[in-house]
Each structure stands twice: as structure tokens, then as C-alpha cells.
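Undergrad: Okay, here's the structure, questions in a sec.
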Amino acid sequence: ADWIVKKVNEVRERNSNLVCRQFVSGEKFLYLGKEYTLEIVEKDLSKAEVLMQEDTMAVYISQGLSEESRKQAIKEALIKLYRQRFAEIVKERIEKYSLQLKVAPCKVVIKDQKTRWGSCSKKGNINLNWRLIMALLHIIDYVVVHELCHLKVMNHSKDFWNLVESILPNYHESRKWLKVNGNRLGI
């Protein structure tokens, strides 16, 4: 009974961090662990654009959109930016850690996964969730290393965790951070 109460309280606490977006100026969005203030700018444009400056994510959208179309345009522009930037970072991180582990994934795919940060198939394909772009770089590194380690050990045995730890000695902290804060990484 005590364990159940503890788990229910953990879920409640995690759900209190859930992100509910309005897509309005002043709202905060994470990028590599840093908060940026959303600034909406209406211009005569054919499609939305996002420019990141110091502490601001400026989203330029077409004028005269309905409220729902406006929100959708902002959301799509942000997701496009996040996915592009994440793909660039992941390419670099995969190269770095593949060399250290002496492995090479067959394919790396950036996905829109609802319940997973990453996965590795028996064929050697790695899938990564673009929402990780909102986390600090060491969190991204943890997920990348985790999935690359599966290319050597296809389970979560002691050997697997020892391999992860050989590359990232503090992986426990990143793993815990994701469990506690993962629901903040959303749009």
C-alpha cells in the first residue's frame, strides 16, 4: 500500500509539470535546457519562420489568421525548427559516441514518439525523439549513448549499464532527470 501511495504521488507531481501551450507572446519554450520567451510577429508572409535571438524565439506568421490557424502555424514552425536543430546535434553526437563505442548505426531517424526518448532495433536502426532538443546537451548525450550501447548489448543487463557508465559515468543523473522532467519537454 505504501508503495502504491508513493507511486501515485510521483505521477501527480510529474503531471503538475505538464506543458499546456497557448502559443502567445511571453510564453516560455525550452531549447537545449534554456528558457526562451516566445515573441509572435505578424507579417506579410507565405509561411511561418522562427528566428532565435539571445533569450527570444521570434515566430513570424502571416497576418489575419484565425486563432486556431495562428496557433497551428506557430506550433508547426517551432516543431520544424526543433527537428532541424535536433537532427544537426544528433548527427554530431552520434559520430562522437560511435567512435568511442566502436559501433555504427545502420540508420538514425528523428521521430515524434509519445512515450519513448529513443529506441534501437535489432537491425541496428536508432530512433530518437526530437523533443530531446529541449533538454540540456548531457541529457541528449545520455539517450544517444544509451541507444548506441544497444548496438553492442541488446538488453538492459548489468553489462549494458556498465557499458553506458564507461562512456557516461554520471548517466544516473541524466536518467533520473528525464524521469522527473520529461513531461516538460513538450509543445
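Undergrad: For the chain, what does the equivalent ellipsoid look like in terms of its semi-axes, each the square root of 5 times an eigenvalue of the Cα gyration tensor, given largest first in whole Å?
TA: Over the Cα atoms of the chain, the ellipsoid semi-axes are 33, 22, 13 Å.
Undergrad: How many percent of DSSP beta bridges within the chain run antiparallel, rounded to 5?
TA: 50
Undergrad: Okay, next question. Within region 56-84, find all residues whose amide N lies under 14 Å from a label point positioned 7 Å from the Cα of D44 along Cα-to-beta-carbon.
TA: 62-64
Undergrad: Taking the Cβ of L32 as the center, what net charge do the other residues with Cβ under 15 Å away carry, scoring Lys and Arg +1 and Asp and Glu -1?
TA: +1
Undergrad: Build a GNM of the chain with springs between Cα atoms under 10 Å: which of L168, L45, L32 gets the top mean-square fluctuation?
TA: In the Gaussian network model the winner is L45.
Undergrad: Probe radius 1.4 Å, ligands and nucleic acids left out: which of I61, I89 has the largest accessible area, and how do the rest follow?
TA: I89, I61
Undergrad: With all protein chains present, calculate the accessible area of D2 using a 1.4 Å probe and round the result to the nearest 10 Å².
TA: Here the residue's solvent-accessible area equals roughly 130 Å².
Undergrad: Hey, what did region 46-187 get for relative contact order, percent, Cα under 8 Å, at least 6 apart?
TA: Relative CO of region 46-187 lands at 18 percent.
Undergrad: When the solvent-accessible surface of protein heavy atoms is calculated with a 1.4 angstrom probe, in what order do I140, I167 fall, highest first?
TA: Final ranking, largest accessible area leading: I167, I140.
Undergrad: In µm²/s, what is D for region 103-182 at 20 °C and 1.002 mPa s, where D = kT/(6 pi eta Rh) by Stokes-Einstein and Rh is the Kirkwood radius from Cα pairs?
TA: It diffuses with D of about 168 µm²/s by this estimate.
Undergrad: May I ask for the net charge around A104, where only other residues with Cβ less than 12 Å from the Cβ of A104 are counted and Lys, Arg are +1 while Asp, Glu are -1?
TA: +2
Undergrad: To the nearest 10 square angstrom, what accessible area does S25 show with a 1.4 Å probe?
TA: 70
Undergrad: Given a 1.4 Å probe, how much area per residue of the chain is accessible, in Å²?
TA: Accessible surface, normalised per residue, equals 59 Å².
Undergrad: Right, next: With each pseudo-label sitting 7 Å past Cα toward Cβ, what's the W177-R116 distance in nm, one decimal?
TA: Label at W177, label at R116, 2.3 nm between them.
Undergrad: In the chain, carbon and sulfur make up what percent of the accessible area (probe 1.4 Å)?
TA: Here it works out to 50 percent.
The values are calculated or read from the model by the stated rules, or taken from the named source; none is laboratory data. Values in this document were obtained by computation on a predicted structure and should not be read as measured data. Methodologically, a virtual Cβ is constructed for each residue, glycine included, from the backbone with ideal geometry; neighbour enumeration extends over all protein chains shown. Just the protein is used for accessible areas: all its heavy atoms, side chains included, with ligands, DNA and RNA removed. Shrake-Rupley method; radii C 1.70, N 1.55, O 1.52, S 1.80 Å.
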